[in-house]
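Visitor: Right, I'll just put the structure down here and ask away after.
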Amino acid sequence: MLNLILKDVTVLTAICGGFALLLVIAQKLFSNYGDFKIDINGKRELTVKGGNSLLNSLGDQQIFIPSACGGRGSCGACKCKITEGGGPLLPTEKPLLSKAELADNIRLACQVKLKSDIRIQIPESIFNIRKFKATIAEIVDYTYDTKGITFQLLEPDTISFKAGQYMQLETKPYPGMKQKVVRAYSISSGPKDEHKLQLIIRLVPEGICTTWVHKHLQLNEEVFLTGPYGDFFLRDTEADIIFVAGGSGKAPIKSILEDMEVKGIPRKATYFFGARTTKDLYLTEYMQHFEQSLADFSYVPVLSHSAPEENWQGKTGFVMPYFKDAIRDPKNTEAYLCGSPGMINAVTKSLIEHGIPADKIYFDSFG
Ligand SMILES: Cc1cc2nc3c(=O)[nH]c(=O)nc-3n(C[C@H](O)[C@H](O)[C@H](O)COP(=O)(O)OP(=O)(O)OC[C@H]3O[C@@H](n4cnc5c(N)ncnc54)[C@H](O)[C@@H]3O)c2cc1C
Ligand code: FES
């Protein structure tokens with residue numbers, strides 16, 4: 001009887017093993033698309049393995065297209081023009097492309113799978129984006145959910161960027177998370193120190209990258225970042241400036257203020273920092289020091305939910321009602337906003353109502 005059972009188990013195991021082997025062979029056969037060519041701007045030609053996304057295939061060749069959402073098809077940062085190949089437009093791309101972009105063959109590089117040769121056009125500036133190896137030089141707790149992380153660059157060991165731009169940080173697997181992801185973080189330090197970068201990272205409950213940063217990242221650990229990316233930087237004009245950014249949105253504004261300080265830019269500037277309670281305030285004294293070091297700067301924290309026992313003496317409610325005191329000449333004012341899409345929409349609407357031209361309102365949406 002025991003022999004019979006053992007025989008049955010052996011036969012069953014052999015059948016399962018056979019199926020598994022067939023599956024592996026089938027996978028290899030059907031997912032082997034062969035090699036394809038990517039023609040870039042009619043100037044460079046790469047040969048890559050098919051089946052991968054255009055975004056990852058370029059990344060493997062050290063060409064880093066912005067991908068703020070890490071390739072999830074939600075940010076639209078990876079738009080690029082495809083003049084030949086690329087396959088049919090996917091339903092995941094449509095919501096992020098305007099009519100004009102669709103007509104111009106703009107696609108999302110993270111959604112396009114390479115199954116044939118392809119011709120693309122990308123800005124030459126993308127070739128300046130590098131992958132950096134760095135170590136963690138400092139971790140500071142700014143609030144209960146926000147940390148400042150300083151990276152010492154190792155390879156390459158210097159970076160050149162515009163204050164306001166962002167980097168993409170690559171996570172490592174950690175207990176409960178096998179997957180590596182890439183997320184965008186604005187550089188919070190000024191461009192003066194070309195060997196170091198600081199990022200300000202706020203914990204998102206259940207968030208893959210922020211859980212890694214807050215719960216697992218260690219001093220001296222080696223990590224990888226790519227960048228710099230983005231066009232959120234101070235325009236070279238003499239217009240007055242309104243900054244609006246709460247939470248970790250303070251990061252690029254801090255970088256811009258440090259740069260203004262180094263360059264001695266004398267423009268009138270007001271920074272509205274919206275937060276819920278005093279627990280959400282951070283770097284307050286540091287922000288106030290710019291009121292001394294810059295020619296005409298005011299830092300205005302505004303709390304929406306401060307309790308009486310907090311004894312908050314500053315401004316309360318939302319930031320919008322305080323704009324009118326800071327705007328001298330709306331037509332000669334630029335605004336720089338950073339944070340959630342909801343905040344950006346509400347603040348943009350209010351600034352336009354105050355007479356600031358829509359094309360002078362610049363923003364980085366963290367959504
Ligand atoms: C250009 C740019 C610059 C950015 N700069 C910064 C920065 O300087 N500092 C910073 O802390 N973040 C910044 N972000 C946001 C950051 O890229 C991540 O989206 C965020 O840290 C969450 O990543 P995660 O992997 O922890 O969460 P995920 O695993 O991506 O998300 C987990 C869940 O939380 C939701 N979620 C994602 N983001 C948020 C959020 N911000 N608030 C609430 N819920 C969210 C998701 O929808 C999902 O359900 C920036 C984003 C962009 C596009
Ligand atoms: S990387 Fe975000 S949409 Fe493609």
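Visitor: Once phi is turned into ³J(HN,Hα) by the Karplus curve 6.51 cos²θ - 1.76 cosθ + 1.60 with θ = phi - 60°, what whole-Hz value does each residue of the stretch 271-287 show in order, with x for glycine and proline?
Guide: Taking θ as phi minus 60°, the curve returns 10, 9, 10, x, 8, 7, 9, 4, 5, 8, 7, 7, 6, 5, 4, 4, 5 Hz for the stretch 271-287.
Visitor: I'd like the FRET efficiency for residue 239 and residue 35, computed as 1/(1 + (r/R0)^6) with the beta carbon distance as r and R0 of 35 Å, rounded to 0.05. Display every interim value, and only then the final one.
Guide: Numbers: r = 51 Å, r/R0 = 1.47.
Result of the calculation: an efficiency of 0.10.
Visitor: Same structure again: Probe of 1.4 angstrom, ligands and nucleic acids ignored: what's the accessible area per residue over the chain, in square angstrom? Don't jump to the answer; show the numbers that get you there.
Guide: Details: 19350 Å² over 367 residues.
Value for the chain: 53 Å² per residue.
Visitor: Whole number please: convex hull volume per residue, Cα atoms of the stretch 129-229, in Å³. Numbers along the way, then the final one.
Guide: Working: hull volume 9.0 nm³, N = 101.
Value for the stretch 129-229: 89 Å³ per residue.
Visitor: I would also like to ask the following. Just to make sure I understand: if all protein chains stay in place, what is the order of 113, 279 by accessible area at 1.4 Å, largest first? Kindly include the intermediate steps, with their values, before the conclusion.
Guide: On the way: 113 100, 279 145 Å².
The ordering from most to least exposed comes out as 279, 113.
Visitor: Run the helix sum for the chain: -39,500 (n - 2.57) per DSSP H stretch of 4+ residues, divided by residue count, reported at 222 nm to the nearest 500 deg cm²/dmol. Show your work: numbers first, answer last.
Guide: Values: 8 runs with 86 residues, N = 367.
Value at 222 nm, helices only: -7000 deg cm²/dmol.
Visitor: Also, I was wondering about something else. Taking a quarter of the surface of the Cα convex hull of the stretch 223-287, what do you get in nm²?
Guide: Working: hull surface 24.3 nm².
Seen from a random direction, the Cα hull of the stretch 223-287 projects 6.1 nm² on average.
Visitor: Using only the alpha carbons of the stretch 270-324, what is the convex hull's orientation-averaged projected area in square nanometres? Numbers along the way, then the final one.
Guide: Values: hull surface 15.7 nm².
Computing the convex hull of the Cα atoms and averaging its projections yields 3.9 nm².
Visitor: While we're looking at this one, here's another question. Once the principal axes of the Cα atoms of the stretch 240-365 are found, what is the range along each, listed largest first in whole angstroms?
Guide: If we take the Cα atoms of the stretch 240-365, the spans are 41, 32, 25 Å.
Visitor: Another question about this same structure. Please list, by residue number, everything in the stretch 188-230 whose backbone N is under 14 Å from a paramagnetic label point 7 Å out along Cα→Cβ of residue 276.
Guide: Label zone hits: 203-205.
Visitor: While we're here: Once you have the Cα-Cα distance between residue 43 and residue 304, take 0.36 nm times their residue separation minus that, and quote the gain in nm to one decimal.
Guide: 88.6 nm
Visitor: Would you mind checking 49/131; 79/162; 196/279; 215/315; 79/99; 81/178 for any pair whose Cα atoms are more than 24 angstrom apart? Don't skip to the answer; put the middle values down first.
Guide: Working: 49/131 21 Å; 79/162 21 Å; 196/279 28 Å; 215/315 34 Å; 79/99 14 Å; 81/178 33 Å.
From the list (49/131; 79/162; 196/279; 215/315; 79/99; 81/178), the Cα-Cα distance tops 24 Å for 196/279; 215/315; 81/178.
Visitor: Determine, for each peptide in 305-316, 201-212, the mean count of other beta carbons within 10 angstrom over its residues, then list the peptides with the highest first.
Guide: Numbers: 305-316: 11.2, 201-212: 17.1.
With the highest mean Cβ count within 10 Å placed first, the list reads 201-212, 305-316.
Visitor: When only the heavy atoms of the protein chains count and the probe is 1.4 Å, how do 323, 233 rank by accessible area, highest first? Present the calculation step by step, with values, prior to reporting the outcome.
Guide: Details: 323 0, 233 45 Å².
Accessible-area ranking of 323, 233, largest first: 233, 323.
Visitor: Calculate, in whole percent, how much of the Cα-Cα pair population of the stretch 118-163 lies beyond 14 Å.
Guide: Counting every Cα pair in the stretch 118-163, those more than 14 Å apart make up 67 percent.
Visitor: With a Cα-only, solvent-free Debye model of the stretch 35-126, what are the log10 I(q)/I(0) values at q = 0.11, 0.15 Å⁻¹?
Guide: -0.26, -0.49
Visitor: Can I ask one more? Whole-Å semi-axes of the chain's equivalent ellipsoid, largest first, each the root of 5 times a Cα gyration tensor eigenvalue?
Guide: Numbers: eigenvalues 395, 143, 80 Å².
Three semi-axes, in Å: 44, 27, 20.
Visitor: Restricting everything to alpha-carbon atoms, can you work out Rg to Rh for the stretch 159-299 with a Kirkwood hydrodynamic radius? Please list the in-between numbers first.
Guide: On the way: Rg = 16.3 Å, Rh = 16.3 Å.
Rg/Rh for the stretch 159-299 comes to 1.00.
Visitor: Let me ask you something else. Over the stretch 129-229, with every protein chain in place, what whole percent of the accessible area is carbon and sulfur at 1.4 Å, could you tell me? Write down the numbers at each step before the final one.
Guide: On the way: 2280 of 4660 Å².
Accessible surface attributable to carbon and sulfur in the stretch 129-229 totals 49 percent.
Visitor: In sequence order, what are the phi-derived ³J(HN,Hα) couplings for the stretch 88-105 according to the Karplus relation 6.51 cos²θ - 1.76 cosθ + 1.60 with θ = phi - 60°, rounded to whole Hz, with x for glycine and proline?
Guide: Values per residue, Gly and Pro as x: x, 4, 9, x, 6, 8, 3, x, 9, 10, 6, 4, 5, 5, 4, 5, 8, 6 Hz.
Visitor: Amide H to amide H under 5 Å from residue 362: which residues, 5+ apart in sequence or cross-chain, H placed 1.01 Å off N in plane?
Guide: 335, 336, 337
Visitor: What is the gain in length, in nm to one decimal, between residue 137 and residue 293 on full extension, counting 0.36 nm per residue of separation less the C-alpha to C-alpha distance? Write out the running numbers ahead of the final one.
Guide: Numbers: separation 156, 0.36 × 156 = 56.16 nm, distance 2.70 nm.
Length gained, residue 137 through residue 293: 53.5 nm.
Visitor: Taking amide H atoms as placed 1.01 Å from N in the peptide plane, list the residues 5 or more away in sequence, or in a different chain, whose amide H sits under 5 Å from that of residue 269.
Guide: 241, 296, 297, 298
Visitor: Where the centre of each part is set by its Cα atoms, how far does the stretch 139-197 sit from the stretch 321-337, in angstrom?
Guide: That distance is 31 Å.
Visitor: While we're on this one: Roughly what angle does helix 341-353 make with the longest principal axis of the chain, taking Cα atoms, 0 to 90 degrees, to the nearest 10?
Guide: Tilt relative to the chain: about 40 degrees.
The values are calculated or read from the model by the stated rules, or taken from the named source; none is laboratory data. Note that this is a predicted model, so its numbers are computed, not measured. Don't worry about glycine lacking a Cβ; one is built from the backbone with ideal geometry, like all the others, and counts go over all protein chains shown. All accessible areas refer to the heavy atoms of the entire protein, side chains included, with ligands and DNA or RNA removed. Shrake-Rupley method; radii C 1.70, N 1.55, O 1.52, S 1.80 Å.
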